[in-house]
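Beneath this line is the structure, given in structure tokens, with notes to follow.
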Amino acid sequence: MEPIASTPTHCPYCALQCGMNIMPLPQGGVEVTERTDFPVNRGALCGKGRTAAEVLSPAVRLTSPLVRSGGRLVEAGWDEALDRIAERLGSIRREYGADALGVFGGGGLTNEKAYALGKFARVVLGTSQIDYNGRFCMSSAAAAGTKAFGLDRGLPFPLEDIPKTGCVILVGSNPAETMPPSLRYFTELRENGGTLIVVDPRRTRTAEQADLHLAPRPGTDLALALGLLHLVVAEGRTDEEYIRERTTGWEEARAAAMAYWPEYVERITGVSVPRLREAVRLFCAPESAMVLTARGPEQQSKGTDTVGAWINLCLATGRAGRPLSGYGCLTGQGNGQGGREHGQKADQLPGYRKLDDPAARAHVAGVWGVDPDALPGPGRSAYELLDALGTDIRALLLMGSNPVVSAPRAAHIEERIKSLDFLAVCDVVLSETAELADVVLPVTQWAEESGTTTSLEGRVLLRRRAIAPPPGVHSDLHVLHELSARLGVEKGFPADPEEVFTELRRASAGGPADYSGITYRRLAEETGVFWPCPENPGEANHPGTPRLFLDRFAHADGRARFVAVTHRPTAEEPDAEYPLLLTTGRVVAQYQSGAQTRRVTELNAAAPGPFVELHPRLAARIGAAEGDPVTVTSRRGRATAPARITSAIRPDTVFMPFHWPGEGRANTLTNPALDPTSRMPEFKSCAVRVEVVGSR
Ligand code: SF4
């Protein structure tokens, strides 16, 4: 085992990227210990971070490549596995063309891996068909932020600003379960005299701490935001000078909002008029205020417009691009922010450049040493790509994702994956998707490799290698290095992460997400660097940019854009056959598809399986008692799990967490209706019916 000293690094899981130390143990493996010098979590870790080392154990992870032989996955050598992948990708490309090859990445991949994967797809495979699971995470917020501000960075201000503002509206976000150490920012906000408003159909642990909890029907928070804006106008609370000086499009947005009378909004959302008025009073009274969204408003077939409506509220009240005020998105996955900036998205090139922008193509092609005209154009979005497997797309290379559990309409997607001519998966564990592969490559994890991530604050961080991986395990970058050589591209895919980052810096230079002034050395010496951070040759280092938009927004004229939006129903409203709404989410002890956390003893004991939350009135109506197995049925399939009866949920809504495969897989039920702009599926609401097992 290599270095013996404790190594400061960051958690492998969520976008908070908590600082932690990892200490190699004499008997093998590592221990996670507190790291108090990192300001974001100040030593606090949730159970997932605290137990992260367990997934490093060879007992739960892959340590040998696997290839399918006689219908079974059997151990193989690296050369055999890599040769098999290169041969199949090459032959399928020859037979069907480059766009028959798909690539699917993940928001947990480091910046270096996301960058190399996008480059590999476009330069080595020549395919346009690449996207990643972050499309299912924050794409609506990214689209709305780009429309409004000209630039998307999850939080345009650091978390440390939250306790100092006057009011926060937290929309569809439950940090008490998803990123518990961040809860202290909201606790301190209230201790400082500020107020917290939580918008969530469920009375979550976060909502329990709020000064005001608004519980709209799932899929109606767009109308809620419009109703609040209506009241802001009606009560004369707009900031006219700010609107005049710093925005455009107000008249259209104002006119759209004025149709949403409070009584009308109460009928749509179920939130009473007095509570709407109270929210406006709390939001507008202080000098500064913020709106923060997460998956609730974003994972809708109108997610971009829904986030846009909340941004409009900020702009109309002068609460964006000012100190301690603004709109932000609490990104979910570990590198959810960086993962969308460096080219694994269907429509983007590194540096957050647009793939259909000729100047961006020329710049990146120059860095890559290829002809810009040879670069493919934009490809399909994540769900559309997965839906095309086995038809237009015949082979898939998948890295850092488990769509069999995490994709909407998952049973259908599982069938599409099974219908592929060839599937190669790089993962640390044998996930449910890896089980279907023709070749599985075991790859290194956070403690075994260096690499950068970009947290939800836009803070670029260095994860450091602390221990060697087990024999037989290599990094994703090694995989791309080896595959590119086998496919005839000898140069341009180094396995060394710092070398990749050096090229990424050049590719991002001058782009919206400019990393050119960030180096591994700086990241090792500082507690992260906020982008944009351009290189200043011959001058002092650029300090990075913790706060965006204070002087101007990123549109060419420096102004933010109002976007006139109107409410529309969820893609699948309840009816006689499916009279309830299902909403999905997470629990504190599991992470995303659960591929890693379901293998951790303590986490599995705390959250061993799925459940269905039912309001007591609904439970009484269908005859369900606590713990009874109930079946939830949507137009896409059925899922069965024990009932959990709680008055914390609306009587017209049921909730399931989505971390598990099998008969309790929540995503069997979810609706892939897509947002027209972001191509986000509607995870957050679909029509279902619920029955006690055996009651029919
Ligand atoms: Fe890791 Fe997120 Fe938990 Fe922090 S909150 S320890 S980053 S999973």
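The values are calculated or read from the model by the stated rules, or taken from the named source; none is laboratory data. Since this is a predicted model, take the numbers as computed values, not measurements. Every residue, glycine among them, receives a Cβ derived from its backbone with ideal geometry; neighbour counts consider all protein chains shown.
The number of residues in the range 327-343 that are part of a loop (DSSP other than H, G, I, E, B) and on the phi < 0 side of the Ramachandran plot comes to 9.
Scanning the range 367-377 for residues that are in a loop (DSSP other than H, G, I, E, B) and of a type in the set (D, E, K, R) yields a single hit, ASP371. Could you tell me which numbered condition GLU415 fails, if it satisfies all but one of (1) in contact with a Pro (Cβ under 7 Å, 6 or more places away or on another chain); (2) assigned to a helix (DSSP H, G or I)? Going through the list (1) in contact with a Pro (Cβ under 7 Å, 6 or more places away or on another chain); (2) assigned to a helix (DSSP H, G or I), GLU415 breaks only (1).
Counting only strands (runs of 3 or more DSSP E) that sit wholly inside the range 15-84, not one has at least 3 residues that are in contact with a Gly (Cβ under 9 Å, 6 or more places away or on another chain) and more than 14 Å from the ligand (Cβ to nearest atom). Set side by side, the residues VAL405, VAL364 differ, and just one is outside any loop (DSSP other than H, G, I, E, B) and under 20 Å from CYS14 (Cα atoms), which is VAL405.
Quick grid of which residues meet (1) in contact with a Cys (Cβ under 8 Å, 6 or more places away or on another chain); (2) modelled with pLDDT under 95:
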| position | (1), (2) |
| --- | --- |
| PHE493 | no, no |
| PRO497 | no, no |
| ALA507 | no, no |
| ILE518 | yes, no |
| PRO534 | no, no |
| PRO537 | no, yes |
| ALA540 | no, yes |
| HIS555 | no, no |
| ALA560 | no, no |
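Would you mention how many residues in the range 323-354 are touching a strand residue (DSSP E or B) at 6+ places or on another chain (Cβ under 6 Å), more than 16 Å from the ligand (Cβ to nearest atom) and farther than 20 Å from ALA148 by Cα? Qualifying residue count, the range 323-354: 3.
Checking LEU324, LEU313 one by one, the residue that is out of contact with any Cys (no Cβ under 9 Å at 6 or more places or on another chain), at pLDDT 95 or above and assigned to a loop (DSSP other than H, G, I, E, B) is LEU324 and no other.
If you check PRO532 against the conditions, is it in a loop (DSSP other than H, G, I, E, B), without any contact (Cβ under 8 Å) to a residue 60 or more places away in the chain, assigned by TED's automatic domain parsing to the domain that holds PRO661 and crowded, with 20+ Cβ neighbours inside 10 Å? It is false that PRO532 is in a loop (DSSP other than H, G, I, E, B), without any contact (Cβ under 8 Å) to a residue 60 or more places away in the chain, assigned by TED's automatic domain parsing to the domain that holds PRO661 and crowded, with 20+ Cβ neighbours inside 10 Å.
Has the range 118-131 got any residue that is of a type in the set (Lys, Arg), out of contact with any Cys (no Cβ under 6 Å at 6 or more places or on another chain), surrounded by fewer than 24 Cβ atoms within 10 Å (Cβ to Cβ) and at pLDDT 95 or above? There is no residue in the range 118-131 that is of a type in the set (Lys, Arg), out of contact with any Cys (no Cβ under 6 Å at 6 or more places or on another chain), surrounded by fewer than 24 Cβ atoms within 10 Å (Cβ to Cβ) and at pLDDT 95 or above.
Mind listing whichever residues of the range 549-583 are touching a Leu at 6+ places or on another chain (Cβ under 8 Å) and within 19 Å of PRO672 (Cα to Cα)? Selection gives ARG568, THR570, PRO574, LEU580, LEU582.
Yes or no, residue by residue, for (1) in the same structural domain as ALA605 (by TED's automatic domain parsing); (2) within 25 Å of the chain's Cα centre (by Cα); (3) modelled with pLDDT of 95 or more:
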residue: GLU34; (1), (2), (3): no, no, no
residue: ARG50; (1), (2), (3): no, yes, yes
residue: GLY77; (1), (2), (3): no, no, yes
residue: GLY90; (1), (2), (3): no, no, yes
residue: ARG93; (1), (2), (3): no, no, yes
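Could you please find all residues in the range 93-116 being among the aromatic types (Phe, Trp, Tyr) and either touching a His at 6+ places or on another chain (Cβ under 6 Å) or not in a helix (DSSP H, G or I) (or both)? Selection gives PHE104, TYR115.
Each row is one residue, and each column tells you yes or no for (1) touching a residue at least 60 places away in the same chain (Cβ under 8 Å); (2) farther than 30 Å from VAL500 by Cβ; (3) touching a strand residue (DSSP E or B) at 6+ places or on another chain (Cβ under 7 Å).
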| site | (1), (2), (3) |
| --- | --- |
| HIS555 | yes, yes, yes |
| ARG568 | yes, yes, no |
| PRO574 | yes, yes, yes |
| ARG586 | yes, yes, yes |
| GLN596 | yes, no, no |
| THR601 | yes, yes, no |
| GLU613 | yes, yes, yes |
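Just one of the numbered conditions (1) closer than 23 Å to GLY108 by Cβ; (2) in contact with a strand residue (DSSP E or B) (Cβ under 7 Å, 6 or more places away or on another chain) is not true of THR545: (1). Looking across the range 453-495, just one residue is acidic (Asp, Glu), assigned to a helix (DSSP H, G or I) and surrounded by fewer than 24 Cβ atoms within 10 Å (Cβ to Cβ), and that is GLU482.
Kindly establish whether ALA279 is modelled with pLDDT of 95 or more, under 25 Å from GLY585 (Cα atoms) and more than 22 Å from the chain's Cα centre (by Cα).
On the way: modelled with pLDDT of 95 or more: yes; under 25 Å from GLY585 (Cα atoms): yes; more than 22 Å from the chain's Cα centre (by Cα): yes.
For ALA279, the condition - modelled with pLDDT of 95 or more, under 25 Å from GLY585 (Cα atoms) and more than 22 Å from the chain's Cα centre (by Cα) - is met.
The number of residues in the range 661-696 being over 21 Å from GLY296 (Cβ atoms), assigned to a loop (DSSP other than H, G, I, E, B) and in contact with a Pro (Cβ under 7 Å, 6 or more places away or on another chain) comes to 1. Reported count of residues in the range 548-592, each being of a type in the set (Gly, Ala, Ser) and within 25 Å of GLY108 (Cα to Cα), is 2.
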